[in-house]
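One structure is given here, and the rest of the page talks about it.
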Amino acid sequence: MKLTSLVPEARSRPRESSRIALGKGGLWTHRLRGGPLLLSCTAGSVWITREGAPDDVVLEAGASYGGEGRGLLVVEALEPAQIAVAAGEAQRTVRAALDRGRAAIEGARGSWLVLLSLAALYLIWGSTYLAVSIALETLPPFLLAGVRFVTAGALLYGGLRLRGVPRPTLRQWGAAARVGVLLLVFGNGLVVVAQQWVSSGVAAVVVSTMPLWLALFTTVRGARGASAGAPEVSRGEWLGLLVGFAGAALLHLGGDLHAAHAGALLIVLAPVAWALGSMYSRSLPLPEGPMAVAAEMLAAGPVMLGISALTGEHLAAPPSARSLLALGYMTVFGSIVALSAYTFLLRNTRPAIATSYAYVNPIVAIALGILLGGERASATTWAAAAIVGAGVIIVSRSRH
């Protein structure tokens, strides 16, 4: 990577007001020595890491970051970017103080949102495997998934429009359709189909390979010169991903989980499709915020209903109350809440952090099987759980 500095022989003393242009992946470093520093992103977007700070910060064009105290400050360009750096008396103005306060508030708010979003993915998506098994008792797979996403998409879309959120443009609808088909029709739909023959634990274990596929696709795309919308995967993250996958593999081998039908092999394609959809969601022109989730569900839901009609799915009897309750849970929590959290994490954290849920979900799925389904866990299963947890910790602590 290209290392850019204001004054190579004295990087810790920038001029009072300077502008720096950075290519994608370019770095600018500065060591704080007690005085204040105001850094503004005037074009593109940059990733800021500060020594001793608990969280990183992403700045888009027009945003500012105020730093003071001591420690190394590292700025990495996520795309071609320009930053403006001011030091000395200019930093002591009222505007600089307000910018620093705003940055601190946004940073704290972002940290809590990241933690809450991760908790939602770990717990909610871990429990949806059991909910799918219950819903499939009286509902066919694509009809179940289609109704789920059409209902959830319509509710979320209607609520956002009532709040004044603008409707997506035609270009944004096209991007949402591409991502929605990958994430929901293939990524989620194939899991639901396969769960007709495999347990919720098997499904969760197979899906846990998704972060490895995402890391592979991101690296290959970056090597070919295409922008994947994210930094390259670091060695520490690769280590964490591999450790997590080893734990998931041990969970599969020691958990006495077996597929019983050739159609169950379709689930192997699900994490591949989900990884592709996750990668493209970072670069395609999707609507802002939750509207992207609503558009993806409204685009994918009718496709699933169409597949249901073409394959001749039908209700052999009225759905049971258990199946309908499971469908309602997946619609509100699994789709609206958790999918919104996942979209937020993809836009605001590194891919390895956003996808770490795939290693935790198998543990949640098996734990629910023990608590609600009367299943037992062997010593090998608990050992696998410890390895999976270690992988998540390694990934979360890794930095480029």
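The values are calculated or read from the model by the stated rules, or taken from the named source; none is laboratory data. If you're wondering where the values come from, they're calculated on a predicted model, not measured in any experiment. Counting neighbours? That spans all protein chains shown, and the Cβs are built from the backbone with ideal geometry, glycine included. Side chains are part of the model used for accessible areas, which takes the heavy atoms of the whole protein and leaves out ligands, DNA and RNA. Shrake-Rupley method; radii C 1.70, N 1.55, O 1.52, S 1.80 Å.
Considering Ala338, Ala358, the condition of being among the small types (Gly, Ala, Ser) and out of contact with any Ser or Thr (no Cβ under 7 Å at 6 or more places or on another chain) is satisfied by Ala338 alone. With respect to the conditions (1) assigned to a helix (DSSP H, G or I); (2) open to solvent by 10 Å² or more (accessible area, probe 1.4 Å); (3) at pLDDT 90 or above, Glu296 falls short on a single one, namely (2).
Just one of the listed residues (Glu137, Glu60, Glu79) is over 25 Å from the mean Cα position of the chain (by Cα), charged (D, E, K, R) and either modelled with pLDDT of 80 or more or under 30 Å from Ile366 (Cα atoms) (or both), and it is Glu137. Which residue is surrounded by the fewest Cβ atoms within 10 Å (Cβ to Cβ), if the candidates are limited to region 42-61 and must be part of a strand (DSSP E or B) and hydrophobic (A, V, I, L, M, F, W, C)? Among them, the one singled out is Val58. If you filter region 273-291 down to residues that are among the small types (Gly, Ala, Ser) and open to solvent by less than 30 Å² (accessible area, probe 1.4 Å), you find that the one that is farthest from the chain's Cα centre (by Cα) is Ala273. Scanning region 190-199 for residues that are closer than 13 Å to Thr128 by Cα and either at pLDDT 85 or above or open to solvent by less than 20 Å² (accessible area, probe 1.4 Å) (or both) yields Val191, Val192, Gln195. Regarding region 161-175, can at least one residue be identified that is without any contact (Cβ under 8 Å) to a residue 12 or more places away in the chain, open to solvent by less than 60 Å² (accessible area, probe 1.4 Å) and at positive phi? Yes: region 161-175 contains one or more residues that are without any contact (Cβ under 8 Å) to a residue 12 or more places away in the chain, open to solvent by less than 60 Å² (accessible area, probe 1.4 Å) and at positive phi.
A single member of Ser335, Ser356 is in contact with a Lys or Arg (Cβ under 7 Å, 6 or more places away or on another chain), closer than 24 Å to Ser199 by Cβ and open to solvent by less than 30 Å² (accessible area, probe 1.4 Å), and it is Ser335. Remark: Gly301 matches the filter, which requires a residue to be within 24 Å of the chain's Cα centre (by Cα), more than 14 Å from Arg167 (Cα to Cα) and not polar (S, T, N, Q). Looking across Arg322, Arg347, one residue alone is open to solvent by 70 Å² or more (accessible area, probe 1.4 Å), basic (Lys, Arg) and farther than 16 Å from Leu130 by Cα. It is Arg347. Quick one: is Ile387 surrounded by fewer than 16 Cβ atoms within 10 Å (Cβ to Cβ) and closer than 29 Å to Gly240 by Cβ? No.
Scanning region 174-200 for residues that are of a type outside the set (A, V, I, L, M, F, W, C) and within 20 Å of Pro140 (Cα to Cα) turns up Gly187, Asn188, Gly189, Gln195, Gln196, Ser199, Ser200.
Taking the conditions exactly as written (open to solvent by 50 Å² or more (accessible area, probe 1.4 Å), modelled with pLDDT under 80 and not basic (Lys, Arg)), does Ala249 satisfy them or not? Taking the combined requirement at face value, the residue does not satisfy it. Scanning region 227-243 for residues being part of a loop (DSSP other than H, G, I, E, B) and modelled with pLDDT of 80 or more gives a total of 0.
Residue by residue, here is whether (1) modelled with pLDDT under 90; (2) out of contact with any strand residue (DSSP E or B) (no Cβ under 8 Å at 6 or more places or on another chain); (3) of a type in the set (A, V, I, L, M) holds:
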{"site": "Ile307", "(1), (2), (3)": "no, yes, yes"}
{"site": "Leu310", "(1), (2), (3)": "no, yes, yes"}
{"site": "Tyr329", "(1), (2), (3)": "no, yes, no"}
{"site": "Tyr342", "(1), (2), (3)": "yes, yes, no"}
{"site": "Arg350", "(1), (2), (3)": "yes, yes, no"}
{"site": "Asn361", "(1), (2), (3)": "yes, yes, no"}
{"site": "Arg376", "(1), (2), (3)": "yes, yes, no"}
{"site": "Ala390", "(1), (2), (3)": "yes, yes, yes"}
